[in-house]
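**Q** Attaching a single structure in C-alpha cells format; questions to follow.
The values are calculated or read from the model by the stated rules, or taken from the named source; none is laboratory data. This structure is a prediction, so every number in the text was calculated from the model and none was measured. Methodologically, a virtual Cβ is constructed for each residue, glycine included, from the backbone with ideal geometry; neighbour enumeration extends over all protein chains shown.
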Amino acid sequence: MSEIQLLPSVLAFLERDHANFIDGAYAPSLSSNKIAVVNPANGQVIAHIRDADEADVQAAVNGARQAFKGAWADMLPYQKGVILNKLADLIDANNEELAQIETLCSGKSIQLSRHFEIAQSAVFLRYYAGWATKINGETMQPSIPSFGTEKYTAFTRREPVGVVAGIVPWNFSVMIGIWKIASALVTGCTVVIKPSEFTPLTLLRIAELAIEAGVPAGAFNIVNGGGQVGQQLIAHRLISKVAFTGSVPTGIAVGQAAMAANLTRATLELGGKNPAAFLADVDVDMAVAGIIQTAYVHQGQVCASPERFYVHRSRIDELLEKLAAGLAELKIGSPLDESAQFGPLANKPHFEKMLGYFKRAAAESQIVYGGQAIDRPGYYVQPTVIRAHSAGDSLLHEEIFGPVTCFLPFDTEEELVELMNDSPFGLTASLWTNDLSKAMRLIPQIEAGTVWVNMHTFIDPAVPFGGIKASGVGREFGSAFIDDYTELKSVMIKY
Ligand code: NDP
C-alpha cells in the first residue's frame, strides 16, 4: 500500500497563512482566531485558517457589490462565457494540485478527487458558461383592448439579482462551490462564498485561478470560518440572494435568517434519506454492483446517495448475502493510495456521530455487515449493512450521511410506494427493474426531486437537481437555476 508523492506546489500552498480571498487577492484577516484544518486520514493538522471577522465580511460584500455594478456588469455575455471556459481550462490544467489539496482536507480518495470532484467541476463550469449568451426574456402581446387608437407591446428582461452569498458544505466543497459560483457569474451576479471550516482550502486556490482566467477583482470572493461567518453574510443588507447547501436544521435557520434580513431570496439544497427499490425481477448482481458504487462512494457522504433500500421479499436474502461479500472485497486504505476504494470519514465529529449510529443499529436492528470503527489513525469506519426489523426502525428515517445502508423487504407495489414516501425528505429515489412500464407507472407516485431507473447518484449539469419536502427549495442545473439568480423585469410600451 503506497501513497502518492505530494506535489511541491501543494506543500508550499499548505504553508501559507490562509484566510480570505477578497477583491481579487489573498486577504489576511485581522482576526486572531485560527481554525485548524485536519487531515481525516491521520488526524494531523495540515494547515490553519483564520476565521473571518465582521470587517472581512464587510470588505468581501463591498468588493462584490462594486464588481456587480462595475467590471462584471460592463462585460458582454460572450466575454463572461469565455472567462468561465478559461477558468474550466485552468482547473483542468491544475487538476492534480487541486485534487491533492482536496483529498488532504476531505479524506476523499485521490481518484475521486481527480476524476470526479475536480474534473467534473470543470465540466459543470463549461455547461454553465454556455448559458452566458442564452439568458433572455420574452416578448408578449398585452391582453386588454385599448380604449383608443393606441397600441401596446411588452417584453421581459432577466436581470441579475445582485451579490450572492454561497454557503457550501464539506462533502464536495469544490463541486458545490462551483455550482454556486458559475450560476452567479453567468447570470451577471457576483458572489461571496463561505466554505465549510472543515474544507476551506481548495476553493482559495480556485479563486486565484479565477483571477488568472480574467474574472475581475471582486466578482468572486471567499470568506472563511464557522457558521457565524455564514450568519453575518446572510444578514448583510447588500446580499440579494443566499444559495445554501447543507443539512436540514442549518438550512431552516438559513432560510429564516434570509427572510428576516431583507426578504432575501434563498435556495436551499438540503439533506435526504433517499430510497432505492429493487423489484422482484431485479438482476441481483447488477443491483449489488450499483449499491456499492452509489451508496459507498466517498464513504456514503453524498447527499444524493441511497440510504434506505426496499427489496422484494423473494430477493432480499440473496441480495444481502452478495452485498456483504462484495463489501468484504473493498480495499480500505489511505485516500492518497491510488488503489484504495474506501477511506476515512471527513471529520472527527462525523466519525463520532457514525459510532452512535452503530450502537443504535446493534440495539434496534440487525447488523448484517460492518458496524465497527477501524483500528488505525484517522476517522475510518467499516462499510456497514443493516437489516431493519420493521418500517419503524429509526435508521430507516434519519439521514446518516455515511457508509451505512438500511434494508427492509416489501411484498406489494402499493406497500412499496407507501414505504418510499414515508419520509420527511424528498431529494432522490431509484427503481431497479427491467419492467419499464412498471417503472413508468411508479415514477409519478414517488415523492422526490429526482427519480432514477437502474441507476442512482448520477447528476448531470443538463438535468435540474434539487429536493422537495424537507430536502429543499429551488433547483440547480439545466435552465432551472436561471429563475433563482435573476429578477424578471416587465417593460410595457405604448405606441
Ligand atoms: P451544515 O448544514 O452543518 O453546514 C453547511 C454550511 O453551512 C457550512 O459551510 C457551515 O459552516 C455553514 N453553517 C453552519 N451554521 C450556519 C448558520 N447558522 N448560518 C449560515 N451558515 C451556517 O452541513 P454539513 O457541512 O455538515 O454538510 C452535510 C449536509 O449537507 C448533509 O445533511 C447533506 O445531506 C447536505 N448536503 C446536501 C446536498 C444537496 O444538494 N441537497 C449536497 C451535499 C450535502 P461550518 O461547516 O464551518 O460550520
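**Q** Of the residues that make up the stretch 468-480, is at least one surrounded by 16 or more Cβ atoms within 10 Å (Cβ to Cβ) and part of a helix (DSSP H, G or I)?
**A** Taking every residue of the stretch 468-480 in turn, none turns out to be surrounded by 16 or more Cβ atoms within 10 Å (Cβ to Cβ) and part of a helix (DSSP H, G or I).
**Q** Further question on the same structure: Go over the candidates Gln293, Gln256, Gln231 one by one and state the one that is assigned to a helix (DSSP H, G or I) and within 22 Å of Phe198 (Cβ to Cβ).
**A** Just one listed residue meets the conditions, Gln231.
**Q** Would you please name the residue that is nearest to Val223 (Cα to Cα), looking only at residues in the stretch 1-51 that are surrounded by fewer than 17 Cβ atoms within 10 Å (Cβ to Cβ) and small (Gly, Ala, Ser)?
**A** Only one residue fits best here, namely Ala25.
**Q** Yes or no: Leu431 part of a strand (DSSP E or B), modelled with pLDDT of 95 or more, surrounded by 15 or more Cβ atoms within 10 Å (Cβ to Cβ) and out of contact with any Lys or Arg (no Cβ under 7 Å at 6 or more places or on another chain)?
**A** For Leu431, the condition - part of a strand (DSSP E or B), modelled with pLDDT of 95 or more, surrounded by 15 or more Cβ atoms within 10 Å (Cβ to Cβ) and out of contact with any Lys or Arg (no Cβ under 7 Å at 6 or more places or on another chain) - is met.
**Q** Another question, then. Condition first: over 19 Å from the mean Cα position of the chain (by Cα) and either farther than 24 Å from Ala41 by Cβ or not in a helix (DSSP H, G or I) (or both). Can you find one or more residues in the stretch 164-184 that meet it?
**A** Looking for residues that are over 19 Å from the mean Cα position of the chain (by Cα) and either farther than 24 Å from Ala41 by Cβ or not in a helix (DSSP H, G or I) (or both), one finds none in the stretch 164-184, hence no.
**Q** Report, by residue number, each residue of the stretch 305-322 that is farther than 27 Å from Phe465 by Cβ and among the hydrophobic types (A, V, I, L, M, F, W, C).
**A** Of everything in the stretch 305-322, those that are farther than 27 Å from Phe465 by Cβ and among the hydrophobic types (A, V, I, L, M, F, W, C) turn out to be Ile316, Leu319, Leu320.
**Q** Determine which single condition Lys134 fails, assuming it passes every other condition in (1) within 16 Å of the ligand (Cβ to nearest atom); (2) surrounded by fewer than 19 Cβ atoms within 10 Å (Cβ to Cβ).
**A** (1) is the only condition that Lys134 fails.
**Q** Now for a different question. Hey, can you tell me all the residues within the stretch 234-248 that are near the ligand (Cβ under 7 Å from one of its atoms) and either part of a helix (DSSP H, G or I) or buried (at least 18 other Cβ atoms within 10 Å of the Cβ) (or both)? Walk me through it before giving the result.
**A** Quick first cut of the stretch 234-248, residues near the ligand (Cβ under 7 Å from one of its atoms) only: 234, 244-248.
Answer for the stretch 234-248, where residues must be near the ligand (Cβ under 7 Å from one of its atoms) and either part of a helix (DSSP H, G or I) or buried (at least 18 other Cβ atoms within 10 Å of the Cβ) (or both): Ile234, Phe244, Thr245, Gly246, Val248.
**Q** Also: Determine whether the stretch 464-474 contains at least one residue that is closer than 30 Å to Phe358 by Cβ, more than 14 Å from the ligand (Cβ to nearest atom) and either β-branched (Val, Ile, Thr) or touching a helix residue (DSSP H, G or I) at 6+ places or on another chain (Cβ under 8 Å) (or both).
**A** No, the stretch 464-474 has no match at all.
**Q** Name the residue, out of Ala253, Ala217, Ala258, Ala184, that is within 20 Å of Gln58 (Cβ to Cβ) and within 15 Å of the ligand (Cβ to nearest atom).
**A** On inspection, the qualifying residue turns out to be Ala258.
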